[in-house]
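Worksheet for the structure shown next.
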Amino acid sequence: MNPHFIFNSLNSIQQYVVDKDVAGANKFITEFARLIRQTLEFSSKSLIQLQDELDYLDTYLKLEKQRLENKFDYKINVQLNERDIEGFHLPPTILQPYVENCIRHGIRYRHDK
């Protein structure tokens, strides 16, 4: 996870506090804490289940979508049956940097949404 994302997330929380948006701040803090907890949990593992990676990616995308004021929508679609997903393992947080790069360079500056 890019440190820049972490600082941007903390700035987003600060903005919710400044705006006195307690519900927004609470929602963002809850998801941000979940992402940090997942990051710490996965950092000690060499492989995790695909479903865990997809959950991690979903948490990250929720935060980015909220932080970027809904500039994008997303859907995670996996073409595997449930049994295959359970048996599929990969290095932790391998997908998130690619998605983060796509958001940073492809979506962040969109003006059409």
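The values are calculated or read from the model by the stated rules, or taken from the named source; none is laboratory data. Model, not experiment: these values are computed from the prediction. Positions of Cβ are backbone-derived with ideal geometry, glycine not excepted, and every protein chain shown enters the neighbour counts. Ligands, DNA and RNA are excluded from the accessible area calculation, which covers all protein heavy atoms including side chains. Shrake-Rupley method; radii C 1.70, N 1.55, O 1.52, S 1.80 Å.
Points worth noting:
- When T93 is tested against (1) out of contact with any Lys or Arg (no Cβ under 8 Å at 6 or more places or on another chain); (2) surrounded by fewer than 12 Cβ atoms within 10 Å (Cβ to Cβ); (3) in a loop (DSSP other than H, G, I, E, B); (4) of a type in the set (S, T, N, Q), only condition (2) is not met.
- Residues that are in contact with a strand residue (DSSP E or B) (Cβ under 8 Å, 6 or more places away or on another chain) and of a type in the set (A, V, I, L, M), drawn from the range 31-89: L47, I48, L50, I85
- The residues on offer are E31, E100, E53, and the sole one that is of a type outside the set (S, T, N, Q), in contact (Cβ under 8 Å) with a residue 60 or more places away in the chain and on the phi < 0 side of the Ramachandran plot is E100.
- Inspection of the range 10-20 identifies no residue that is under 11 Å from the mean Cα position of the chain (by Cα) and open to solvent by less than 30 Å² (accessible area, probe 1.4 Å).
- Selected residue (criterion: surrounded by the most Cβ atoms within 10 Å (Cβ to Cβ)) from residues of the range 21-37 that are among the charged types (D, E, K, R) and more than 22 Å from P92 (Cβ to Cβ): K27
- Residue in the range 70-85 that is open to solvent by less than 80 Å² (accessible area, probe 1.4 Å), in a helix (DSSP H, G or I) and not hydroxyl-bearing (S, T, Y) present: yes
- Test: residue in the range 102-112 that is open to solvent by less than 80 Å² (accessible area, probe 1.4 Å) and at pLDDT 90 or above: no
- Per the listing L57, L40, the residue uniquely within 24 Å of N101 (Cβ to Cβ) and surrounded by 17 or more Cβ atoms within 10 Å (Cβ to Cβ) is L57.
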